[in-house]
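Working notes for the structure below.
Values in this text are rule-based calculations from the coordinates and carry no lab data. Just so it is clear, the model here is predicted, and its values are computed rather than measured. Don't worry about glycine lacking a Cβ; one is built from the backbone with ideal geometry, like all the others, and counts go over all protein chains shown.
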Amino acid sequence: MTDDNIEVQISADTSTEADPIGAKIALGEDLRRARYMPLTGSCISNEALNLVKHVTARVLQDDTASKTWKEAGPARVERAVTAFLADLLFAEERQAGLWLFRSGVSNSFSGEEVGYRAYLRVRRTLAQMGLIEERVGFNPRGELAGRSWTSRLRGTPALFDLAQSHGVDIKDCAAHFRKGTPSTVLELRRPVDAGQKHVGKPRSKRMRFQESYLTRRLKTEVQEINTFLASRKIEGCTHDGFKRIFTHAPRFNWDKHGRLYSVGPESYQQLPKEERRLIQIDRESVVELDIRACSLTIAYALLGEHLDVSADPYAIDALPRGVAKSWVTMTLGHSAFHKRWSRDAVDSYLEGNPGADRSTLAKLHPIQEVQRLVLERHPVLCRYHESGITMLDLMFKDSEIMVNTVLRLIRQHQAPSLPVHDSLIVRLSDSERAHCTLREEFKRVVGTEPYIKM
């Protein structure tokens with residue numbers, strides 16, 4: 001392992017030749033299910049603080065550290081050690097042997113509480129002390145290029161014994177450590193370059209922005225939500241706080257995109273809807289309030305029209321509902337009508353039609369014919385592209401609805417909720433007040449009544 005790049009290329013097979021095939025498969029599944037390591041935890045007990053100081057002292061003895069890094073003082077090291085131990089112990093409490101991951105790329109630590117160099121030094125010392133087990137990441141070439149895994153790590157029995165010797169019981173981590181909230185809660189990103197070469201979906205890059213009254217207000221709102229939810233018990237999923245992401249565009253004034261994203265790639269927002277039903281908040285079952293045809297309803301309103309959502313807007317004669325919905329989604333997210341089906345539309349079709357191949361959608365449902373049928377049902381979309389409205393505008397509207405609703409539920413009812421862009425997860429006991437609040441905020445932001453399914 002090197003200081004400059006913790007993710008070095010190795011073989012994907014990290015088990016020994018003596019391991020049985022079944023053990024290798026099990027290890028691969030365990031590594032695949034690794035959880036994101038937010039590095040935001042803090043101490044709340046004297047026992048935890050003593051444990052942190054013990055490990056910090058060992059890190060500070062590292063003779064290989066540069067003079068500049070040593071002169072930065074022990075506070076930065078202690079902060080990193082605290083965050084490391086909190087994540088490792090909470091992971092073991094959640095599931096014995098659970099692996100964690102965190103990118104070792106330096107720019108992924110930009111603006112975070114734990115810096116890149118502190119992360120590397122603490123991780124190396126923990127490994128030298130035998131307190132963590134590691135599986136180094138790999139970046140394969142050839143036809144698997146781009147399907148890389150970042151390094152995995154987890155606590156060892158030696159770590160748990162050390163914690164126990166300091167009075168920190170890993171079966172009750174919440175009595176000793178507090179899960180933190182993201183230090184970066186507001187991001188501005190560049191628009192995705194549709195022409196860039198990439199494997200999978202293209203990624204937008206973060207931009208610097210100048211602080212203003214508006215950005216401070218946006219940050220304060222997200223921090224209020226994060227602080228409140230950190231005090232609630234959320235089970236059946238991963239949630240380590242929100243950040244709100246905006247996308248720069250012409251005439252930008254913090255009014256493009258702006259959705260709340262649960263931090264980490266394994267968050268509850270990534271779960272299928274069926275699995276989200278298993279979430280519990282404060283040990284209570286949840287219900288998901290879903291705004292029917294949210295983006296289409298907003299597009300209608302911005303174009304000065306009203307969409308009757310009492311009937312399914314995607315129920316169109318001669319078209320499967322999923323095909324009609326895919327075409328509308330493609331159209332709202334693009335600057336012109338498509339000439340062929342997008343990759344996402346094909347993937348979505350294949351999910352619902354297991355026997356189909358990638359050419360089936362175009363053969364059974366030529367896109368020009370689908371366009372004709374959908375425009376007959378929704379002629380207002382003929383004016384969509386020339387209006388200058390984009391998906392970023394639609395997303396900003398739904399983000400305002402969700403942020404306002406979540407904040408109102410907190411301030412007026414002390415009720416926790418988890419947004420999924422155009423739906424909202426709430427406790428069963430909060431469903432009626434959440435339904436009413438969501439409907440009111442939608443009408444206030446958009447100017448029309450929504451249809452909300454429970």
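Summed over qualifying helices (DSSP H, 4 residues or more, each -39500 (n - 2.57)) and divided by its residue number, the chain shows a 222 nm mean residue ellipticity of -12500 deg cm²/dmol. Gain on full extension, evaluated as 0.36 nm per residue between residue 383 and residue 412 minus their Cα-Cα distance, stands at 6.4 nm. Expected output is a single nm value to one decimal: the length gained when fully extending between residue 204 and residue 436, i.e. 0.36 nm times separation in residues minus the C-alpha distance. What is it? Separation in residues times 0.36 nm, less the Cα-Cα distance, equals 80.0 nm. Between the Cα long axis of helix 21-32 and the first principal axis of the chain there is an angle of about 70°, rounded to the nearest 10. Listed here are the pairs 243/443; 205/243; 256/325; 205/273; 243/397; 325/453; which of them are more than 21 Å apart at the Cα? In this structure, 243/443; 256/325; 205/273 exceed 21 Å between Cα atoms.
When the label point is put 7 Å from the Cα of residue 44 along its Cα-to-beta-carbon vector, which residues of the range 204-241 have a backbone N closer than 20 Å? Only 223-241 pass the distance filter.
Taking the C-alpha atoms only, the angle from helix 367-377 to the longest principal axis of the chain is near 70 degrees.
Taking one quarter of the surface of the convex hull spanned by the alpha-carbon atoms of the chain gives a direction-averaged projected area of 25.1 nm². How far apart, in nanometres, would the label points at residue 308 and residue 192 be if each is projected 7 angstrom from Cα along the Cα-to-Cβ direction? Spacing of the two 7 Å Cα→Cβ label points: 3.5 nm. The gain in end-to-end length when the residue 183 to residue 334 segment is fully stretched comes to 51.0 nm, 0.36 nm per residue minus the alpha carbon separation. Normalised radius of gyration (Cα atoms, divided by 2.2 N^0.38 Å) for the range 292-355: 1.20.
Just to check, using Stokes-Einstein with a Kirkwood Rh over alpha carbon pairs, what's the diffusion coefficient of the range 399-454 at 20 °C and 1.002 mPa s in µm²/s? This corresponds to a translational diffusion coefficient of 194 µm²/s. Judged by the ratio a/c of the largest to the smallest principal axis of the C-alpha gyration tensor, the range 227-292 counts as prolate, that ratio being 1.5 or greater while a/b is larger than b/c.
Cα extents for the range 356-425 along the principal axes, largest to smallest and rounded to whole angstrom: 52, 35, 19. Taking the square roots of five times each eigenvalue of the Cα gyration tensor of the range 253-325, the equivalent ellipsoid has semi-axes of 28, 20, 13 Å, listed largest first. Using C-alpha pairs under 8 Å with a sequence gap of at least 6, the mean separation divided by the residue count of the chain gives a relative contact order of 14 percent.
Counted over the range 268-405 with a bin width of 10 Å, the fraction of Cα pairs per bin, in whole percents, is 10, 35, 35, 17, 3.
Kindly express, to the nearest 10 degrees and within the range 0 to 90, the angle between helix 321-332's C-alpha long axis and the longest C-alpha principal axis of the chain. Its long axis makes an angle of about 80 degrees.
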